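To start, the structure under review is shown below, and the notes come after it.
Bear in mind that the values in this text are calculations on the coordinates, not laboratory data. The shown structure was predicted, so the numbers you read here are calculated from the model rather than taken from an experiment. Positions of Cβ are generated from backbone atoms using ideal geometry, with glycine treated the same way; all protein chains shown enter the neighbour counts.
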Amino acid sequence: MNKPDSDKFHDYGPHFYGRRKGRKLRTTMQGLLDEQLPKLRYDPADSPAAQFGNRPADIFLEIGFGGGENLAAVAAARPDAGFIGAEPFVNGVASLLRHIEDRDLSNIRIWDDDVRLIFGGMAAASLAGAYVLFPDPWPKRRHAARRILAPAVLDELARLIRPAGRLVLASDHPAAKSWLLQSASSHPAFRWTARRPVDWRECPQGLVPTRYMMKAERESRTPNWFLFERCGD
């Protein structure tokens with residue numbers, strides 16, 4: 001199994017930036033966390049495919065799934081595929097568990113911590129694609145090291161996404177749009193697929209509006225989507 005050089009992650013440091021918990025959960029949501037999360041938690045000691053009973057050929061990763069609306073929707077549309085969601089924010093994890101229960105989904109596994117901690121256990125080309133949708137923008141230059149799409153993370157996504165697989169990025173923040181697009185475009189393993197403005201102005205087919213996207217639109221912020229393809233044979 002090809003594993004990354006852990007020294008690369010010194011580029012942005014070991015510290016996690018961002019919230020891990022918000023307002024106190026309702027009793028029902030806390031119950032979902034206590035009862036369902038242990039059954040659905042991603043096991044970094046095992047291969048991605050082995051986490052699912054049908055060992056799916058296509059496995060997708062969403063980094064920072066927020067409230068889980070998109071992850072639940074794409075998983076419902078592809079019952080033959082496996083989906084891994086990484087989100088350290090406990091309220092978001094509880095929200096995803098509610099979506100899983102409401103939709104009776106069995107093809108999602110959850111990593112409720114920093115996604116960088118599970119990269120090393122994944123074999124090269126083990127993912128069909130990955131999503132990074134509306135990440136924390138960290139617009140100030142002095143906070144650039146806190147951005148999720150750091151060079152070391154892009155290197156890992158390049159290793160993990162198989163040739164012709166997709167990397168889907170989105171943001172409503174002007175600064176975040178710029179660094180997402182610039183970071184992925186400058187990486188030799190990814191090719192931006194856009195051919196005309198509509199390709200980045202409209203939500204890609206199969207994705208659904210999330211609470212963050214709808215909030216952006218209410219506040220007159222325009223979201224954009226950037227689809228990249230993993231280069232290679």
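Between the range 161-207 and the range 22-72, what is the C-alpha centre distance in whole Å? Using only Cα atoms, the two centres lie 25 Å from each other.
Tell me the label only: which of [x] 67, 40, 35; [y] 72, 35, 30; [z] 45, 43, 35 is Cα extents along the principal axes in Å as calculated from this structure? From the options [x] 67, 40, 35; [y] 72, 35, 30; [z] 45, 43, 35, the structure gives [z]. Taking amide H atoms as placed 1.01 Å from N in the peptide plane, the amide H of I84 lies under 5 Å from those of F60, L61, E62, R109, each 5 or more residues away in sequence or on another chain. Looking at the range 6-230, the DSSP beta bridges with both ends there are about 30 percent antiparallel.
Using the C-alpha gyration tensor of the range 56-116, what are the square roots of 5 times its eigenvalues, in whole angstrom, with the largest one first? Here the semi-axes work out to 17, 14, 8 Å. Phi angles of the range 26-38 translate, via the Karplus equation with coefficients 6.51, -1.76, 1.60 and θ = phi - 60°, into HN-Hα couplings of 5, 4, 5, 6, 5, x, 4, 4, 5, 9, 9, 4, x Hz per residue; Gly and Pro are given as x.
Sort S220, S186 by Cβ crowding within 10 Å, fewest neighbours at the top.
Working: S220 7, S186 10.
Starting with the residue having the fewest Cβ neighbours, the order is S220, S186.
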